[in-house]
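**Q** A single structure is presented below for examination.
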Amino acid sequence: MPSERTDFVVIANRLPVDRVTSPTGEVQWRTSPGGLVTALEPVMRRHDGAWIGWHGAADEELQPFEHAGMHLVPIPLSEQEVQEYYEGFSNATLWPLYHDVIAPPEFHREWWDSYVAVNQRFANRAAEISNEGATVWVQDYQLQLVPQMLRELRPDLRIGFFLHIPFPPTELYQQLPWRREILEGLLGADLVGFQAPGAAQNFVRLVRQRVGHKTHRDTVYLPDGRTVLAKAYPISIDAEGFESLSRTPEVQARAAQIRESLGNPRTVLMGIDRLDYTKGLPQRLRAFGELIADGSVQLDDAAFIQVATPSRERVEQYRILRDDINRLVGRINGDVGRIGQQPIQYLHASYPREEMAALYRAADVMVVTPLRDGMNLVAKEYIATRWDNEGALVLSEFAGAAAELKQAYLVNPHDINGLKQKMLEAINASPREMGRRMKALRKQVMENDIDRWANDFLTELNEQRDPHGKTTRP
Ligand code: GDG
């Protein structure tokens, strides 16, 4: 490789590596943390596969290289493309539109042109490095045109697509000036995977209404005789890996230290999110502030740690959110705090995996309240670290994860009184009740891990087409 060709290709906006400079000034690549790499690494090794993606720096062309047994194929992006394709169309048009327009999506024709050009570059590269009949798996909303572009270049390939974020209902999707192009882009795949059955249904309905193809349940029938399957594959985590990390003496000691530094309160509540307006941070902070202010929870008994990982900081809505959260935390701590006792510990930073595991272990009540979320892996990671069946999860009904994690304290984050009540229930739950719920949650997460997700998707993709490009289904 990479002058040779391969039988298995993953295409994602980012390569699964970050460039790091060691204290001695040496530049190295480090596998970026994340379930997707963990799940796909073994599949990549088995098939000697390649991963196509941007390497994270603008205006830089890199040759393909090897890392941790993976063939990595970097795609260059200019500074202008980073602004228009990535920060613009992907994160200021599609992201808010697909998340129920929580923030207003911006529509700019130049952004769209850039999105088309970059998608074409990814498709061209995949066409170059794929063997006859190879399997190509395209990831996420930044690359929705790639399946069709790739099929035009290489009709022999088996193409799968997975959307990590929600797919919106017809009424919202209609706003998109390029609604038909995106649907047609996705229809280039043999199998289109979503986080939830409702998202797959939204897609099939839109294809019927907007493109006019015949559909039946989860199948779209194209005029050329090809069929496209649209189904849900709820993503998960490396559950065992997370559990064993959280069992190490170092992580347990660090968890104890975190609680100690808060003065060992009876209840530690926690939120961990990318700083994003979809995650419902203001709602949970407001609810907690009110519980302290109205005396339902005593300041001596509880602390709330909110970790907000910096994200998309050049996109305007994210800058606005950052200021809003700073103000809100300041107001709540100012209103209900005392000297040496700030009810909310707010951390705008990102941490290594070990620290994340320690934070989860330190939390009695994990509060996950997105207004809309494809899945939400934080909820699943928390559960994986609760091997003693202690701890409670407060979870938004609007997270994809709520469909599987039914024994969580499910909430509507828009309903602040309802949210307060559920948080209070979780805080005051008896050990027996907590154990009953957590046991059921753990069974769900430990049995349905990221390997199963990848296997289910790839098995279905293999069954969907035979190697000669004909459909094998009726
Ligand atoms: C999208 C969809 C879907 C966070 N801070 C740090 C850190 N993280 C890790 C968490 C978790 C991941 O990032 C966040 O995943 P989520 O699922 O919660 O949310 P998104 O980033 O919005 O992901 C989502 C997901 O794709 C997968 O399909 O579930 O719905 O929106 O794994 O642990 N990791 C480290 N340091 C941090 O500071 N190491």
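Derivation of every value follows stated rules applied to the coordinates shown; laboratory data play no part. These numbers come from a predicted model, not from an experiment. Every residue, glycine among them, receives a Cβ derived from its backbone with ideal geometry; neighbour counts consider all protein chains shown.
**Q** Which ³J(HN,Hα) values in Hz, rounded to whole numbers, follow from the phi angles of region 56-66 under the Karplus curve 6.51 cos²θ - 1.76 cosθ + 1.60, where θ = phi - 60° and Gly and Pro get x?
**A** Listing the rounded values in order: x, 10, 7, 6, 9, 9, 10, 6, x, 8, 9 Hz.
**Q** Dipole magnitude of region 274-371 about its Cα centre, charges +1 at Lys/Arg Cβ and -1 at Asp/Glu Cβ only, in debye to the nearest 20? Walk me through the numbers on the way to the answer.
**A** Working: 13 positive and 13 negative charges, 78 e Å.
That gives a dipole near 380 debye.
**Q** Restricting to Cα pairs below 8 Å that are 6+ residues apart, what does the relative contact order work out to for region 239-447? Please round to a whole percent.
**A** Numbers: 368 pairs, mean separation 53.1, N = 209.
Reported as a whole number, the value is 25 percent.
**Q** For a footprinting-style exposure proxy, rank Ile339, Ile129 by other Cβ within 10 Å, fewest first.
**A** Working: Ile339 5, Ile129 20.
The fewest-first ordering by Cβ neighbours comes to Ile339, Ile129.
**Q** Enumerate the amide H contacts of Tyr409 below 5 Å, restricted to partners 5 or more residues apart or on another chain; note that Pro and chain-start residues carry no placed amide H.
**A** For Tyr409, the qualifying residues are Leu393, Val394, Leu395.
**Q** Of the listed pairs Lys422/Lys443; Lys279/Lys380; Lys420/Lys443, which have alpha-carbon separations greater than 19 Å here? Don't jump to the answer; show the numbers that get you there.
**A** Working: Lys422/Lys443 23 Å; Lys279/Lys380 15 Å; Lys420/Lys443 27 Å.
The answer is Lys422/Lys443; Lys420/Lys443.
**Q** I'd like the orientation of helix 353-362 relative to the chain: the angle between its Cα long axis and the longest Cα principal axis, in ° from 0 to 90, rounded to 10.
**A** The helix 353-362 is inclined about 40 degrees to the chain.
**Q** Then there is this: Less than 13 Å apart at the alpha-carbon level, and either on another chain or at least 8 residues along: which aspartates and glutamates does that give for Lys214?
**A** Leaving aside aspartates and glutamates fewer than 8 places away in the same chain, those within reach of Lys214 are Asp224.
**Q** For Arg180 and Asn417, FRET efficiency with R0 = 56 Å and r from the beta-carbon atoms, rounded to 0.05? If you can, show how the numbers build up before the last one.
**A** Working: r = 43 Å, r/R0 = 0.76.
Approximately 0.85, to the nearest 0.05.
**Q** Computed on alpha carbon atoms, what radius of gyration and Dmax characterise the chain, expressed in Å?
**A** Using the Cα atoms of the chain, the pair Rg, Dmax is 22.9, 72 Å.
**Q** To the nearest 20 Debye, how big is the dipole of region 239-447 about its Cα centre, given +1 on the beta carbon of each Lys and Arg and -1 on that of each Asp and Glu? All intermediate terms of the calculation are to be shown ahead of the outcome.
**A** On the way: 29 positive and 28 negative charges, 32 e Å.
Taking the Cα centre of region 239-447 as origin, the dipole is about 160 debye.
**Q** Something else now. Using Cβ contacts closer than 10 Å as the measure, can you line up Trp387, Trp111, Trp54, Trp178 from fewest to most?
**A** Working: Trp387 15, Trp111 21, Trp54 24, Trp178 18.
Least to most surrounded, the residues fall as Trp387, Trp178, Trp111, Trp54.
**Q** Roughly how tilted is helix 316-336, in degrees to the nearest 10 and between 0 and 90, from the longest Cα axis of the chain?
**A** Helix 316-336 sits at roughly 10 degrees to that axis.
**Q** Now a separate question. Residue separation times 0.36 nm, minus the C-alpha to C-alpha distance between Leu62 and Ser311: what's the value? Show your work: numbers first, answer last.
**A** Working: separation 249, 0.36 × 249 = 89.64 nm, distance 2.49 nm.
Extending this stretch completely gives an extra 87.2 nm.
**Q** Can you compute the charge dipole magnitude of region 310-362 about its Cα centre, using +1 on each Lys and Arg Cβ and -1 on each Asp and Glu Cβ, nothing else charged? Give it in debye, rounded to the nearest 20.
**A** Charge dipole, region 310-362, about its Cα centre: 20 debye, nearest 20.
**Q** With point charges of +1 on the Cβ of Lys and Arg and -1 on the Cβ of Asp and Glu, referenced to the Cα centre of the chain, which listed residue (Ser22, Gly337, Asn448) lies farthest in the positive direction of the dipole?
**A** After comparing all options, I get Asn448.
**Q** How much of the DSSP bridge set in the chain is antiparallel, in percent, rounded to the nearest 5? Provide the component values of the computation, followed by the final result.
**A** On the way: 16 of 64 bridges.
DSSP beta bridges in the chain are roughly 25 percent antiparallel.
**Q** Using +1 at the Cβ of each Lys and Arg and -1 at the Cβ of each Asp and Glu in region 239-447, identify which of Ala384, Ile325, Leu269 lies farthest towards the dipole's positive end.
**A** Value computed over the given set: Ala384.
**Q** Also, quick follow-up: Once each part is reduced to its C-alpha centroid, what is the distance from region 311-365 to region 388-433 in angstrom?
**A** Cα centroid to Cα centroid, the span is 20 Å.
**Q** With r as the distance between the Cβ atoms of Phe107 and Arg19 and R0 = 41 Å, compute the FRET efficiency 1/(1 + (r/R0)^6) and round to 0.05.
**A** Details: r = 33 Å, r/R0 = 0.82.
Efficiency, rounded to the nearest 0.05: 0.75.
**Q** Using Cβ counts within 10 Å as a stand-in for footprinting exposure, how do Glu84, Glu355, Glu26, Glu381 rank, fewest first?
**A** Details: Glu84 23, Glu355 16, Glu26 8, Glu381 26.
Result, fewest neighbours first: Glu26, Glu355, Glu84, Glu381.
**Q** Show me the three semi-axes of the equivalent ellipsoid for region 239-447, from the C-alpha gyration tensor (sqrt of 5 times each eigenvalue), largest first, rounded to whole Å. Mind showing how you got there, number by number?
**A** On the way: eigenvalues 109, 77, 67 Å².
Output for region 239-447: semi-axes of 23, 20, 18 Å.
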